[in-house]
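Beneath this line is the structure, given in structure tokens, with notes to follow.
The values are calculated or read from the model by the stated rules, or taken from the named source; none is laboratory data. These figures come from a predicted structure and were not determined experimentally. Cβ: placed from backbone, ideal geometry, glycine included. Neighbour counts: every protein chain shown.
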Amino acid sequence: MLFSFFVCLFKSNRIGEEHTKIIFLGSPGAGKGTYSTLLAKLLDVPHISTGEIFREVIKKNNNLGNHVKEYIRKGILVPDDITINILKKRIDEHDCEKGFILDGYPRTIPQAQALDEVVKIDAVLNLKIHEKIVIMKLSARRICNKCREGYNIIDVQETIYGMEYRLPAMRSKTPGICDKCGGTLIKRKDDCVKVIKTRLKQYHQQSEPLIGYYQSQGLVEDIYVNLGLDKTISHIMKKLKHT
Ligand code: ADP
Ligand code: ZN
């Protein structure tokens, strides 16, 4: 409801016109998927998730798919050469001329450098969240097996180091069934505690340095996601207006 309001408001004056090449950073479970999907709709540009591209590749059951599957299953990063290649091909497509929102790319410094060689990024949104909340949220995440819509079955109401989290669940109307397409809601295989811990470790070692990389280019906006969807998305829109 509130989201539809934002779509009308922002599509009408296209505030993001000059700022449409946007990267989302943040640990697994910070909400990159949710916020980047919404923002892409608001700005009317493609949403590009390397995780989703990889999951589609895996479905094809070819050599590349089987290779990629092993990394994702373990929660470790897919090698840079494969990832950079796939991403470059995607942003070369016609629909990316007006901009794009990157969700989950880059995750390493070489990936960021490869991107810098081909496009100029306008803004980097760094989603901030405490790790305890990440583990709670990722374990309760569900996705539709048909249309990939995301859901979450846990209400988070916690205060951590003085920061209050109010993250209501995003449940489907009928438990286990997607509101949008009637598909079945499933838990991603890599959303189990063991793999979540590996993904967080990979994030700290390989992806966190990207914050400094983009800070030195003056592009980073920190976004605290503790107050939920509507407040966070309006905060993002305000920040983009002023970059
Ligand atoms: P999340 O952000 O919740 O970890 P994603 O769907 O973005 O989930 O990614 C799932 C997995 O896909 C990662 O754990 C990693 O193995 C792989 N992956 C996605 N994007 C990249 C990337 N840019 N570089 C390397 N591996 C990636
Ligand atoms: Zn669905």
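Do any residues in segment 180-207 that are farther than 12 Å from Arg142 by Cα and assigned to a loop (DSSP other than H, G, I, E, B) have Cβ atoms under 9 Å from those of residues that are within 9 Å of ligand 1 (Cβ to nearest atom) and modelled with pLDDT under 95, where the two are at least six apart or on different chains, and which pairs are they?
Partner pairs satisfying both residue conditions: none exist.
Going through segment 208-229 one residue at a time, which ones are in a helix (DSSP H, G or I) and either surrounded by fewer than 14 Cβ atoms within 10 Å (Cβ to Cβ) or small (Gly, Ala, Ser) (or both)?
Pro209, Gly212, Gln215
Can you confirm whether segment 51-71 contains a residue that is touching a helix residue (DSSP H, G or I) at 6+ places or on another chain (Cβ under 7 Å) and under 19 Å from Gln205 (Cα atoms)?
Checked segment 51-71: no residue is touching a helix residue (DSSP H, G or I) at 6+ places or on another chain (Cβ under 7 Å) and under 19 Å from Gln205 (Cα atoms).
Identify, from the list His19, His47, the residue that is within 19 Å of the chain's Cα centre (by Cα) and at pLDDT below 95. Write out each step before concluding.
Values: His47 fails: at pLDDT below 95.
Answer to the selection: His19.
What number of residues within segment 116-128 satisfy the criterion of being touching a strand residue (DSSP E or B) at 6+ places or on another chain (Cβ under 8 Å) and either closer than 12 Å to Gly29 by Cβ or of a type in the set (D, E, K, R) (or both)?
Number satisfying all stated conditions: 4.
What are the residue pairs meeting all of these: first residue in segment 131-148, first residue in contact (Cβ under 8 Å) with a residue 12 or more places away in the chain and of a type in the set (Gly, Ala, Ser), second residue more than 16 Å from ligand 2 (Cβ to nearest atom) and assigned to a helix (DSSP H, G or I), Cβ atoms under 9 Å, and 6 or more apart or on different chains?
Every condition considered, the pairs that remain are Ser139/Val193; Ser139/Ile196.
Among the residues of segment 40-91, what is the count of those that are of a type in the set (S, T, N, Q) and more than 10 Å from ligand 1 (Cβ to nearest atom)? So that I can check it myself, show each step before the final result.
Going through segment 40-91, the residues of a type in the set (S, T, N, Q) turn out to be 49-50, 61-63, 66, 83, 85.
In the following step, the residues that additionally are more than 10 Å from ligand 1 (Cβ to nearest atom) were identified as 61-63, 66, 85.
Within segment 40-91, residues that are of a type in the set (S, T, N, Q) and more than 10 Å from ligand 1 (Cβ to nearest atom) number 5.
Name the residue that is surrounded by the most Cβ atoms within 10 Å (Cβ to Cβ), counting only residues in segment 86-110 that are of a type in the set (A, V, I, L, M) and more than 13 Å from Pro46 (Cβ to Cβ). Break it down stepwise before answering.
Pass one, segment 86-110, residues of a type in the set (A, V, I, L, M): 86-87, 91, 101-102, 109.
So of that shortlist, the ones also more than 13 Å from Pro46 (Cβ to Cβ) come out as 86, 109.
Values: Ile86: 18, Ile109: 15.
Filtering segment 86-110 for residues that are of a type in the set (A, V, I, L, M) and more than 13 Å from Pro46 (Cβ to Cβ), the one surrounded by the most Cβ atoms within 10 Å (Cβ to Cβ) comes out as Ile86.
Taking the condition of being in contact with a Pro (Cβ under 7 Å, 6 or more places away or on another chain) and assigned to a strand (DSSP E or B), how many residues in segment 95-111 meet it?
Just the residues of segment 95-111 that are in contact with a Pro (Cβ under 7 Å, 6 or more places away or on another chain), to begin with: 95-96, 100, 109.
Subsequent filtering for residues that are assigned to a strand (DSSP E or B) retains 100.
Qualifying residue count for the region: 1.
Select from segment 65-85 the residues that are in a helix (DSSP H, G or I) and buried (at least 19 other Cβ atoms within 10 Å of the Cβ) and write down the one among them that is farthest from ligand 2 (Cβ to nearest atom).
The first filter runs over segment 65-85 and keeps only residues in a helix (DSSP H, G or I), leaving 65-74, 80-85.
Subset that is buried (at least 19 other Cβ atoms within 10 Å of the Cβ): 68, 72, 83-84.
Details: Val68: 23, Ile72: 21, Thr83: 26, Ile84: 30 Å.
For segment 65-85, the residue satisfying everything is Ile84.
Kindly list, by first and then second residue, each pair from a residue in segment 39-54 that is in contact (Cβ under 8 Å) with a residue 40 or more places away in the chain to a residue that is of a type in the set (Ser, Thr, Tyr) and not in a loop (DSSP other than H, G, I, E, B), limited to pairs with Cβ atoms under 8 Å and residues at least 6 apart or on different chains.
His47/Ser36; His47/Thr37; Ser49/Ser36; Thr50/Thr83
Return the residue satisfying two criteria in turn: it lies in segment 140-151 and is more than 12 Å from ligand 1 (Cβ to nearest atom) and under 19 Å from Lys197 (Cα atoms), and of such residues it is farthest from the chain's Cα centre (by Cα). Full working, then the answer.
Taking segment 140-151 and keeping what is more than 12 Å from ligand 1 (Cβ to nearest atom), we get 140, 142, 144-147, 149, 151.
Add one more test, that the residue is under 19 Å from Lys197 (Cα atoms), and what stays is 140, 142.
Working: Ala140: 17, Arg142: 15 Å.
Per the stated criteria, the residue is Ala140.
Here are some residues: Ala169, Ala123. Which one is farther than 24 Å from Arg55 by Cβ and among the small types (Gly, Ala, Ser)?
Within the list Ala169, Ala123, the selection yields Ala123.
Would you check which residues across segment 155-170 are surrounded by fewer than 17 Cβ atoms within 10 Å (Cβ to Cβ), touching a residue at least 12 places away in the same chain (Cβ under 8 Å) and more than 19 Å from the chain's Cα centre (by Cα) and list them?
Hits for segment 155-170 are Asp155, Glu158, Ile160, Tyr161, Met163, Glu164, Arg166.
If we keep just the residues of segment 166-200 that are of a type in the set (Gly, Ala, Ser) and within 22 Å of Thr232 (Cβ to Cβ), which is modelled with the highest pLDDT?
Filtering segment 166-200 for residues of a type in the set (Gly, Ala, Ser) gives 169, 172, 176, 182-183.
Filter once more, keeping what is within 22 Å of Thr232 (Cβ to Cβ): 169, 172.
On the way: Ala169: 94, Ser172: 97.
Among those that are of a type in the set (Gly, Ala, Ser) and within 22 Å of Thr232 (Cβ to Cβ), it is Ser172.
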